[in-house]
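Next up is a structure, given as structure tokens.
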Amino acid sequence: MLACSRVTPTCTSGYRSRFSCRAEDQQTQNSTGLIVQNKKKKKVLVVGSGWAGLGAAYHLCKQGFDVTVLEGGYDSGLTRLASSPDDFGIRGFWYPYRNIFNLVDELGIKPFTNWIKSAQYSGEGLEVEFPIFQDLPQWPTPFGTLFYTEFARLPLVDRLTSLPLMAAVVDFNNTDTSWRKYDAITARELFRQFRCSERLFENVLNPLLQVGLFAPAERCSAAATLGMLYYFVLAHQV
């Protein structure tokens with residue numbers, strides 16, 4: 001639920017099927033120091049109570065707007081369609097997302113639980129656990145990834161075939177030039193070009209893409225893939 005100074009949220013959630021939150025300034029202080037009541041303000045509707053929606057609502061409130069936040073939540077209280085106001089868990093947000101952490105610091109709230117490792121499983125069981133780099137001594141890139149990532153089944157020779165791919169990850173700097181360079185090929189073509197082993201592809205890279213980008217490597221842009229790998233490989237190291 002949105003909360004900010006001089007704002008009182010009011011909420012309704014009939015049978016947990018829908019959620020709306022309206023933030024209204026109750027009073028402000030004019031230049032003479034007198035408390036005055038706000039009667040006419042521009043109204044803004046924000047659809048979605050995720051971090052983007054709540055962040056927008058918060059900053060609009062600070063600028064004096066009358067903000068209403070709508071969230072779909074649950075369908076008839078039975079089937080979950082999207083995140084609800086009760087779901088405050090954060091999935092996949094790391095320290096490079098400074099916009100979120102700046103908002104959290106400004107609001108003075110602590111919504112995060114302790115960090116946990118990300119893990120990938122196959123039909124044979126656990127395949128790989130990715131480290132939480134913030135809690136570990138930093139190594140020069142990409143040795144931290146190779147040293148701390150825990151592969152349950154992948155042989156060392158297959159892991160080493162990922163090293164040439166690091167050249168592309170480092171080269172991709174998220175500029176328009178980089179996107180034009182790598183967006184023309186698929187992730188599958190990228191992995192073949194840099195000679196990643198078939199076992200590394202099948203057990204780690206392709207499942208990672210299907211979780212992170214919701215598509216197999218044959219349908220993913222190499223540019224989008226490199227952008228995602230940046231956070232897994234480089235973002236938390238020296």
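Every number in this text was worked out from the coordinates using simple rules, so none of it is lab data. The structure presented is a predicted model; accordingly, all values stated were derived computationally and were not measured. Cβ placement follows ideal geometry from the backbone for every residue including glycine, while neighbour counts extend to all protein chains displayed.
Using 0.36 nm per residue of separation minus the Cα-Cα distance, give me the extension gain between Tyr121 and Leu70 in nm, one decimal.
Details: separation 51, 0.36 × 51 = 18.36 nm, distance 3.59 nm.
Between Tyr121 and Leu70, full extension yields 14.8 nm more.
Would you please give the FRET efficiency between Asn114 and Asp176, computed as 1/(1 + (r/R0)^6) with r the Cβ-Cβ distance and R0 = 22 Å, to the nearest 0.05? Mind dumping the intermediate values first?
On the way: r = 38 Å, r/R0 = 1.74.
It comes out at approximately 0.05.
If I model a spin label as a point 7 Å beyond the Cα along the Cα-Cβ vector, how far apart are those points for Asp105 and Glu189 in nm?
In this crude spin-label approximation the distance works out to 4.2 nm.
What trypsin sites (Lys or Arg not before Pro) does segment 144-195 have in DSSP loop regions with at most 13 other beta carbons within 10 Å?
Numbers: sites: Arg153, Arg159, Arg180, Lys181, Arg188, Arg192, Arg195; in loops: Arg153, Arg195.
For trypsin sites (Lys or Arg not before Pro) across segment 144-195 that sit outside H, G, I, E and B with at most 13 neighbouring Cβ atoms in 10 Å, the list reads Arg195.
A further question on this structure: Could you pull out every one of the lysines with an alpha carbon less than 18 Å from that of Lys43, ignoring same-chain neighbours closer than 8 positions?
The qualifying lysines are Lys62.
When a/c is below 1.5 the answer is rounded, else prolate if a/b is larger than b/c, else oblate, so apply that to segment 159-238 with a ≥ b ≥ c taken from the square roots of the Cα gyration tensor eigenvalues.
On the way: a/c = 1.37, a/b = 1.15, b/c = 1.20.
Judged from the Cα gyration tensor, segment 159-238 comes out rounded (a/c under 1.5).
If you don't mind, another one. Assuming 0.36 nm per residue, please report the length gained on full extension of the stretch Tyr231 to Ala152 beyond their Cα-Cα distance.
Numbers: separation 79, 0.36 × 79 = 28.44 nm, distance 2.15 nm.
Here the segment from Tyr231 to Ala152 would lengthen by 26.3 nm.
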